[in-house]
Amino acid sequence: MSSRVHACEHTVGVAAPAGVVYGMLADAVRWPVFLPSVVHVERLDFDGVQERLRMWELADAATDGDTADDGAGDAADDGAGDAADDGAGGAGGGVGGVLGGRVGSWHARRVLHPDVRAVVFEQEDAVWPGSVTSGVWSVRPAGEAECVLGLRQECGLPVAAADGARREAEAEADVYRRLAQVRRAAGWWERLDELLLSFEDRVRIEGPAELVYDFLYRIGEWPGRVPHVERAGVREDVPGIQVVSLDSCAAPGGRTVSTRAVRLCFPHAGRIVYKETRTSELIAAHSGEWSLLPDAFGVTAVAAHQVMLRQEAVGRVLGAGTGLIEARDHVRAWLSRASTETLGLAKWHAESTVRRLR
């Protein structure tokens, strides 16, 4: 089918310095914690200027971080299923985001131009080779603490498509949505060092990585096996792409917290990465990874977290007068307790299975 190129370009004012906004655009690996629609970014190659990325994104992600329930997607190169997606999102653009409330994936090539604060990108849908969207992010200073953020993207649309007008409208809306996400995230620039926290927990296991991975993968069986998990609902319409809803009581005081997440499972790499699409009240964004580091005698299981706090909820949840330092300690202790307990049970599962087999 023949196609035509549709180009759209829009700008928006951002209440943050141009350097801060450009840095946020350039650091795509951290987009899952900054941008609600981005689930995961893998950097495949980077020479300091040019990079290749593999990205996964949700459809219709609301700017408050609560996204679509449905999840299906494309496979990771090293094992997140063998499935196809039917959406095209963007490493800085994409026609209509991901269609049908699913997780789409694509490959992207980007060239960073810090001298002029621009990021040029070209992305190709992982399922439909030849379906390319290209464009450029630009940042122009408008004062010491303000700038103008621009996004131009070009994409191919079928010439004879009966819904051509709708597709053009979706492309325009997609540009506006991406600009709004970056503007919102950049608006926290003065307090990002206080709002963001990254940490990990490690547990040494004398057992095979395959058994540990199996325990972590079977999250639907955690109620009754992991004490802090009260309920787990799992959908895996496409192998390796899980949409999970959890009720857990790991928070201090034992109150139940309900969350929802998308998990990308890479069995051959011993990794499960996830992005919470519905977070607890105190957390604005939460992404993480379960990873296994095998050696000759067993495996080290690692639970890594990247969190952005929701500042306006701190006083409401933890009490008037509570600051971000206390909130950081609270969230880290809570998440660390949950992940350490889970890894401890994965250790028991792997080691006890090995003992039974001997």
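The values are calculated or read from the model by the stated rules, or taken from the named source; none is laboratory data. Here the structure is a predicted model, which means the values were calculated and not measured. No Cβ is skipped: glycine too gets one built from the backbone with ideal geometry, and neighbour counts run over all protein chains shown. With ligands, DNA and RNA removed, areas are computed over all heavy atoms of the protein, side chains included. Shrake-Rupley method; radii C 1.70, N 1.55, O 1.52, S 1.80 Å.
Residue check, Ile272 against (1) farther than 21 Å from Leu195 by Cα; (2) among the β-branched types (Val, Ile, Thr); (3) modelled with pLDDT under 95, all met but one. Which one?
Among (1) farther than 21 Å from Leu195 by Cα; (2) among the β-branched types (Val, Ile, Thr); (3) modelled with pLDDT under 95, the lone unmet condition for Ile272 is (3).
(1) without any contact (Cβ under 8 Å) to a residue 60 or more places away in the chain; (2) touching a helix residue (DSSP H, G or I) at 6+ places or on another chain (Cβ under 9 Å); (3) part of a helix (DSSP H, G or I): which one isn't true of Val182, the others all being true?
Condition not satisfied by Val182: (1).
Give region 256-305 a look and list any residue that's of a type in the set (Gly, Ala, Ser) and closer than 18 Å to Ala209 by Cβ, or say none.
If the condition is that a residue be of a type in the set (Gly, Ala, Ser) and closer than 18 Å to Ala209 by Cβ, then Ala269, Gly270, Ser291, Ala296, Gly298, Ala301, Ala303, Ala304 are the ones that fit.
Looking only at region 1-42, count every residue that is more than 21 Å from Val139 (Cβ to Cβ) and surrounded by fewer than 19 Cβ atoms within 10 Å (Cβ to Cβ) and tell me the total.
Of the residues in region 1-42, 6 are more than 21 Å from Val139 (Cβ to Cβ) and surrounded by fewer than 19 Cβ atoms within 10 Å (Cβ to Cβ).
So which of Leu335, Leu318 is crowded, with 16+ Cβ neighbours inside 10 Å and closer than 15 Å to Glu289 by Cα?
Leu335
Can you tell me which residue in region 215-233 is most open to solvent (accessible area, probe 1.4 Å), limited to those that are of a type in the set (A, V, I, L, M, F, W, C) and out of contact with any Lys or Arg (no Cβ under 9 Å at 6 or more places or on another chain)?
First, the residues of region 215-233 that are of a type in the set (A, V, I, L, M, F, W, C): 215-216, 219, 222, 226, 229, 232.
Then drop every residue that is not out of contact with any Lys or Arg (no Cβ under 9 Å at 6 or more places or on another chain), which leaves 216, 222, 226, 229, 232.
Details: Leu216: 4, Trp222: 11, Val226: 2, Val229: 8, Ala232: 26 Å².
Checked region 215-233; the qualifying residue most open to solvent (accessible area, probe 1.4 Å) is Ala232.
Results for (1) in contact with a strand residue (DSSP E or B) (Cβ under 6 Å, 6 or more places away or on another chain); (2) more than 26 Å from Ile325 (Cα to Cα); (3) among the aliphatic types (A, V, I, L, M), shown as yes or no for each residue.
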| site | (1), (2), (3) |
| --- | --- |
| Lys275 | yes, no, no |
| Ser280 | yes, no, no |
| Ala285 | yes, no, yes |
| Glu289 | yes, no, no |
| Leu293 | yes, yes, yes |
| Thr300 | yes, yes, no |
| Gln306 | yes, no, no |
| Glu312 | no, no, no |
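Just checking, which of Val244, Val212, Val203 is open to solvent by less than 20 Å² (accessible area, probe 1.4 Å) and in contact (Cβ under 8 Å) with a residue 40 or more places away in the chain?
Details: Val244 fails: in contact (Cβ under 8 Å) with a residue 40 or more places away in the chain; Val203 fails: open to solvent by less than 20 Å² (accessible area, probe 1.4 Å).
Only one candidate qualifies: Val212.
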